[in-house]
Amino acid sequence: MLTIIYLIISTRDFSFLILWGVLTKVLNLDNPDEIVSKPITYKELADAIVTVDTTGWAELYTEIEKRIWDGFESIAKSCENKQGGNDLVMTYGYTIAFFLSLIVSSRPIRFDLKNGSITTVSYDDGKFTIHSVNDVHYIENGKKELKTS
């Protein structure tokens, strides 16, 4: 049974942004902008965050991978067990971007997902498929509607 999952970004989740300058050094980059412009993997980023974390909150890449995959798969299987349908998940942009990289491993790190944007994936026969990423058309349509009223 086909299940469609709509992922909506609720807020920014980059509590590690306070570490941005330190991460630049750990990743051997010249400036913080290179974190998104150079080909850095989620594993490299996660390992760097663990390296500089002084709170003990950071997770290893394998822990993040398992937590995120298991969470989304649990949601999808639950919906699938009800003969399919649609589900709506509100979560953080980094979580969505990381999840998409688990579906398609060649996806680059993304920090440009907009608050309120919709990402659509489906789950069918044990497999996730990405349909749209960072869709904000309804926001743009609403802005146009406000201007004309």
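The values are calculated or read from the model by the stated rules, or taken from the named source; none is laboratory data. It should be emphasised that the depicted structure is a prediction, and the values quoted were computed from it without experimental measurement. Here Cβ is always computed from backbone atoms with ideal geometry, including for glycine, and neighbour counts include all displayed protein chains. Heavy atoms of the whole protein, side chains included, go into the accessibility calculation; ligands, DNA and RNA do not. Shrake-Rupley method; radii C 1.70, N 1.55, O 1.52, S 1.80 Å.
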Review point. Would you call residue 69 modelled with pLDDT of 90 or more and among the hydrophobic types (A, V, I, L, M, F, W, C)?
Key: yes
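Can you tell me which residue within segment 67-105, out of those that are open to solvent by 80 Å² or more (accessible area, probe 1.4 Å) and within 14 Å of the chain's Cα centre (by Cα), is nearest to residue 23 (Cα to Cα)? Give the derivation first.
Here is the first cut: in segment 67-105, the residues open to solvent by 80 Å² or more (accessible area, probe 1.4 Å) are 67, 77, 81-83, 86, 88, 90, 92, 105.
If we keep only those that are within 14 Å of the chain's Cα centre (by Cα) as well, we get 67, 90, 92, 105.
Values: 67: 23, 90: 28, 92: 20, 105: 22 Å.
The extreme case among them is 92.
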Review point. Tally time: how many residues in segment 119-147 are of a type outside the set (S, T, N, Q) and closer than 20 Å to residue 73 by Cβ?
Key: 10
Review point. For segment 134-147, does any single residue satisfy the condition of being within 20 Å of residue 41 (Cβ to Cβ), touching a strand residue (DSSP E or B) at 6+ places or on another chain (Cβ under 6 Å), open to solvent by less than 90 Å² (accessible area, probe 1.4 Å) and at pLDDT 85 or above?
Key: no
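Can you report the number of residues in segment 38-66 which are in a helix (DSSP H, G or I) and exposed (fewer than 12 other Cβ atoms within 10 Å of the Cβ)? Outline the logic, then answer.
Of all residues in segment 38-66, those in a helix (DSSP H, G or I) come to 42-52, 61-66.
Filter once more, keeping what is exposed (fewer than 12 other Cβ atoms within 10 Å of the Cβ): 62.
Residues that pass the stated criteria total 1.
What's the total number of residues in segment 99-136 that are at negative phi and either aliphatic (A, V, I, L, M) or in a loop (DSSP other than H, G, I, E, B) (or both)?
So in segment 99-136, the residues at negative phi come out as 99-115, 117-124, 127-133, 135-136.
Still in the running and either aliphatic (A, V, I, L, M) or in a loop (DSSP other than H, G, I, E, B) (or both): 100, 102-115, 117-118, 121, 130, 133, 136.
Counting residues in segment 99-136 that are at negative phi and either aliphatic (A, V, I, L, M) or in a loop (DSSP other than H, G, I, E, B) (or both) gives 21.
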